[in-house]
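The values are calculated or read from the model by the stated rules, or taken from the named source; none is laboratory data. As the structure is a computational prediction, the values presented were derived from the model and not from experiment. Glycine also receives a Cβ, built like all others from the backbone with ideal geometry; neighbour counts cover every protein chain displayed. Please note that ligands, DNA and RNA were not included when accessible areas were found on the heavy atoms of the full protein model with its side chains. Shrake-Rupley method; radii C 1.70, N 1.55, O 1.52, S 1.80 Å.
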Amino acid sequence: MAGGKIRAATRLKEAASIGHLQSIVANLDEGIILIAPDEAILWANDAALAMHGAKTLAGLGANVTDFRSKFQLSYRGHVPLDHGHYPIDRAMAGEAFNGVAVEVTRAGKSGPEWVHHVRSLVLTDADGRTECLALIIRNDSAQFEAEHDFDQAFNANPAPALICRLDDLRFSRVNEGFLEMTGYTEEEIVGRSLYEFDLFKHASDRDLATQRIARRETVPQMESELELRDGALKLVVVAGQTIIVRDDPCMLFTFADLEPRRRAEKALRSSEERFSGAFQLAPVAMVVASLKDHRLLHTNAAFHEMTGYGNDAVGRTPSDLTLWDSAATRRRLEQELINAGGLSKVDARVSTKDGTLLDCLVSAAPITIGEDPCVLWVIQDITARRHSELELIAALDAVMQDAKWFSRNVVEKLASLRSPHERSNVEVAELTRREHEVLELVCLGLNDAAIVEKLSLSRNTVRNHVARIYAKIGVKTRGAAIIWARERGLAHGIQNRPDKRPAADR
């Protein structure tokens, strides 16, 4: 009698324990499916039902065969599982497995609906006989979607990138940007170790990178040279960031191609070297100055020879050096540079170190050196030529005092002594028809009396015309007027025109 009570109490205790156990299991986040040795599906908790889109146990199927008809399983990558390879088949075959990732799709549906991580558990009785099999399922769908999004972003990112597993230091992924930059194929990168394909072999701080990778810490940006497939080296910036990919600790390496910058810097250095060579060898004085305050940054040998200043001029302003003949000249040139954006052969006088004043033609243009706005000044000394011009004008004035013997051919030759590109900056005045006639006769060597007779004008009228011509063209003497007219072609063709003067005037 007492033994019966004990057995009854034991059964009640076991029943209570099983009830409590089922309550606990039913509320787990992981799915639990219990399968009898005869392949009948005995029980499933709510999590397992939800992971298969089922509301009741019947939604999973009455047995293993029924389950296969209701659900299509495939490995990651959409490779379908054949009969006998489902986790439920493998569990029934007595295989113990700790983790199998499968994609699950209900019959009649398209595309994977869930991603399950499945492990098996065999439940035995006191004698070691199998009572039932359990499938423990974890829903990895959200993680799969996140990894899928990461894969798409990783592959679509134009910035070159690699992923290396930290457990074995082997590359697991490579994107198209890296393959295009280096010329390798995916098969030549994935699976290789960081020691075989050393990203930091030519890095600026290889030791730091190695230490950070060993400690699984972020690798800061540093310059390195990657060995390309064709054997060439490419300058890059590489950095590493720790990430988790499918539960594996990894390092994401990203790259920035610095080769275009290196080529640009090389071209810039070459250009600067060529400019420097031409600058120093130029036969005319040249100065590079800051656009902001016109402080001299570079001067050439011709400038030193012309002004008497040496390298001591560098770092000083034109006002410090008293480079121009007056402060007014300096302000005029600087203002014209600002207003016109440059200067071309502007008359100015330069003061040398010993105080000598030189007549010069000044040109200037804005340039950029590095990132600094500057001005290139070109100063041409025309003092000797200007003296020659003055002497020429004086000689013409002397001979014009007696124009009867002054041949037209002599005037032409004297006027052509100045090259057309060296003319003064006096603007061509708009002369009247009568003024043109008077100027042509002046160029023929006629004096006022001859012009009076030629044009049938009064002496005062001729003198007034000549005075107005001088005022308009900016000259003061007859010789200067002749040269001015010849240079500008205003009297062009006179020498070929029939001369209607009386023979006595020729």
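For the range 308-340, name all the residues that are among the charged types (D, E, K, R), assigned to a helix (DSSP H, G or I) and open to solvent by 40 Å² or more (accessible area, probe 1.4 Å).
The answer is Asp312, Asp320, Arg330, Arg331, Arg332, Glu336.
Output the helices (runs of 4 or more DSSP H) that fall wholly within the range 341-448 and possess 3 or more residues being modelled with pLDDT under 85 and surrounded by 17 or more Cβ atoms within 10 Å (Cβ to Cβ), or say none.
383-399, 408-415
Can we say His117 is part of a loop (DSSP other than H, G, I, E, B) and surrounded by 11 or more Cβ atoms within 10 Å (Cβ to Cβ)?
Answer is no for this residue.
Going by the structure shown, is Glu131 within 30 Å of Val238 (Cα to Cα), of a type in the set (D, E, K, R) and surrounded by 11 or more Cβ atoms within 10 Å (Cβ to Cβ)?
When the stated conditions are applied, Glu131 does not pass them.
Within the range 139-153, how many residues turn out to be open to solvent by 80 Å² or more (accessible area, probe 1.4 Å) and of a type outside the set (Asp, Glu)?
2
Just to check your reading of the model, which residue among Ala161, Ala156 is touching a helix residue (DSSP H, G or I) at 6+ places or on another chain (Cβ under 9 Å), loosely packed, with under 15 Cβ neighbours inside 10 Å and not β-branched (Val, Ile, Thr)?
Working: Ala161 fails: loosely packed, with under 15 Cβ neighbours inside 10 Å.
Checking each option against the conditions leaves just Ala156.
What helices (runs of 4 or more DSSP H), lying completely within the range 169-217, carry at least 3 residues that are open to solvent by less than 70 Å² (accessible area, probe 1.4 Å) and under 17 Å from Leu258 (Cα atoms)?
Correct list: 176-182.
Only one of Leu49, Leu42 is farther than 21 Å from Pro112 by Cα, aliphatic (A, V, I, L, M) and modelled with pLDDT of 90 or more; which? Give the derivation first.
Details: Leu49 fails: farther than 21 Å from Pro112 by Cα.
Answer to the check: Leu42.
How about the range 263-302: which of its residues are surrounded by 11 or more Cβ atoms within 10 Å (Cβ to Cβ) and assigned to a loop (DSSP other than H, G, I, E, B)?
Once the filter is applied, which keeps residues that are surrounded by 11 or more Cβ atoms within 10 Å (Cβ to Cβ) and assigned to a loop (DSSP other than H, G, I, E, B), the range 263-302 yields Ala282, Val284, Leu291, His294, Arg295, Asn300.
Exactly one of these conditions fails for Arg212: (1) touching a Leu at 6+ places or on another chain (Cβ under 7 Å); (2) closer than 22 Å to Ile243 by Cβ. Give me its number.
Checking Arg212 against (1) touching a Leu at 6+ places or on another chain (Cβ under 7 Å); (2) closer than 22 Å to Ile243 by Cβ, the one that fails is (1).
Checking Gly191 against (1) of a type in the set (Gly, Ala, Ser); (2) within 28 Å of the chain's Cα centre (by Cα); (3) at positive phi, only one condition comes out false. Which one?
Every listed condition holds for Gly191 apart from (2).
So which of Val79, Val104 ends up being open to solvent by 20 Å² or more (accessible area, probe 1.4 Å) and out of contact with any helix residue (DSSP H, G or I) (no Cβ under 7 Å at 6 or more places or on another chain)?
Val79
List every residue pair whose Cβ atoms lie under 6 Å apart, where the two residues are 6 or more positions apart in sequence or sit on different chains, the first residue falls within the range 314-342 and is closer than 24 Å to Asp354 by Cβ and of a type in the set (D, E, K, R), and the second residue, located anywhere, is in a helix (DSSP H, G or I) and open to solvent by less than 40 Å² (accessible area, probe 1.4 Å).
Listed pairs, sorted by first residue: Arg330/Pro318.
Quick one: what pairs do we get from the range 374-387, first residue more than 14 Å from Val346 (Cβ to Cβ), second part of a strand (DSSP E or B) and hydroxyl-bearing (Ser, Thr, Tyr), C-beta under 7 Å, 6+ apart or different chains?
What qualifies is Cys374/Ser290; Cys374/Thr368.
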